[in-house]
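Notes to accompany the following structure.
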Amino acid sequence: MFTSHHLRPISKNLRFLSTSRRVQHENPLGLPRRPPPPQMPRKGGPIQRRSIANVDKVLVVASGKGGVGKSTIALNLAFALALRKNEQTNAPLRVGILDLDIFGPSIPTLMALKNAGEPALTSVGSILPMINHGLPCMSMGFLIPSTIPGSDDNTDTPIVWRGLMVQKAVQQLLFDVDWSRDGQGLDILVVDMPPGTGDVPLTLGQLVNVDGSCVIVSTPQDVALSDVRKGIAMLRKVSVPITGLILNQSFYLCPGCNSHTPRYLFGKPDNFHDVARKLDTPVLGELPLVEGVSTSADGGYPYVLTNIKMVESTDGDGGLTWRSNMAQVAERVTSALWKS
């Protein structure tokens, strides 16, 4: 069990919590003292929002229900965006990804950075993102120690924090990471949100100028769609703009069968489209259920970077459709970002 008492200095690069109870709540990541981030609004007081330094646009990827493939989509969407060009400068888009799931971070696994060690700090105490496959990322998973003596493996280390600690950690991940690289900031920061409508999305919506957009991920089941409605209502309440919905695992195309008829393993998407119409929210794309997407995620390699011939040979039409539809989602998101 990982509580604030387990945080300890594990290298000269990153210093964890002080033993002071007050400092623990104000600085859960134990960073060197810096100007304070914007504070949560007091009752009746104004909301203090600000932009994330060295980030042009913020793209939030959220879901109401856990287990719908949100993190996998967030990662692949980030790389699909990085394969595109900035419509204003014609240079490749500079993209990063921030994992805000404090209790169940997925990005270290998806980026093949499990147990990669803790990130370094700049001279002014900002956290430097970890980089793999050419894309910078940050996650709570990089910042927790191992509970196994003599091991760096923190995979089984749970975080047991109450709401205030979570809020402060989120603030530090939002405002104390240096996203600049070679003197340039990011065009887009993809923020992988935890599921639900708890402290993290509330903190983001109240403290950050989300001048980009938000993409909501769901699966066809009614139990997931119910939480999608709640999630969209909550995000709109805190003025986070919703760009559209992505339906994951919408259908299955058998790679070894003669028939190319879609099979709706989790039900047809009729209810999903009804919800989208009622919420006046566009559908950005539907992604099929593809074995290779899961395999690549477990292996820490984005599916959008997989060799297209290998995709065709192993996953057939399903894999090609997934790649094509993800590229279309990236195109639509890019257009929406620079219209906002």
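Quick notes on this one:
- Heavy atoms of E312 accessible to a 1.4 Å probe, total area in Å² rounded to 10: 110 Å²
- Selected from C137, C254, C214 as most flexible by GNM, with the chain as the system and alpha-carbon contacts under 10 Å: C254
- Over the chain, dividing the summed -39,500 (n - 2.57) contributions of all DSSP H runs of at least 4 residues by the number of residues returns a 222 nm mean residue ellipticity of -10000 deg cm²/dmol.
- Element breakdown for region 182-228 at a 1.4 angstrom probe: carbon and sulfur atoms account for 44% of the accessible area.
- All aspartates and glutamates inside 20 Å of K114 as judged from Cα atoms, apart from same-chain residues fewer than 8 positions distant: D99, D101, D152, D153, D156, D192, D298
- Scattering profile of the chain at q = 0.06, 0.12, 0.13, 0.15 Å⁻¹ [log10 I(q)/I(0), Debye over alpha-carbon scatterers]: -0.21, -0.85, -1.00, -1.31
- If R0 is taken as 25 Å, the Cβ-Cβ distance between Y252 and I308 corresponds to a FRET efficiency of 0.80.
- Annotation: lysines with alpha-carbon distance below 23 angstrom to K168 (same-chain offsets under eight excluded): K12, K43, K57, K237.
- Averaging Cα coordinates gives a centre for region 117-157 and one for region 174-212; these two points are 18 Å apart.
- When W338, W161 are compared by accessible surface with a 1.4 Å probe, the order from highest to lowest is W338, W161.
- Sequence-separation-based contact order of the chain, relative, with Cα cut under 8 Å and 6+ spacing, percent: 22 percent
- Relative contact order, whole percent, for region 213-287 stands at 37, derived from Cα pairs under 8 Å and 6 or more residues apart.
- Partnerless cysteines in the chain, where a partner means another cysteine C-beta under 4.7 angstrom, comprise C137, C214.
- The residues of region 55-339 have, on average, 41 Å² of accessible surface per residue, using a 1.4 Å probe with all protein chains present.
The values are calculated or read from the model by the stated rules, or taken from the named source; none is laboratory data. Note that the structure is predicted; figures quoted are calculated from it, not measured. Virtual Cβ from ideal backbone geometry, glycine too; neighbours counted across all protein chains shown. Heavy atoms of the whole protein, side chains included, go into the accessibility calculation; ligands, DNA and RNA do not. Shrake-Rupley method; radii C 1.70, N 1.55, O 1.52, S 1.80 Å.
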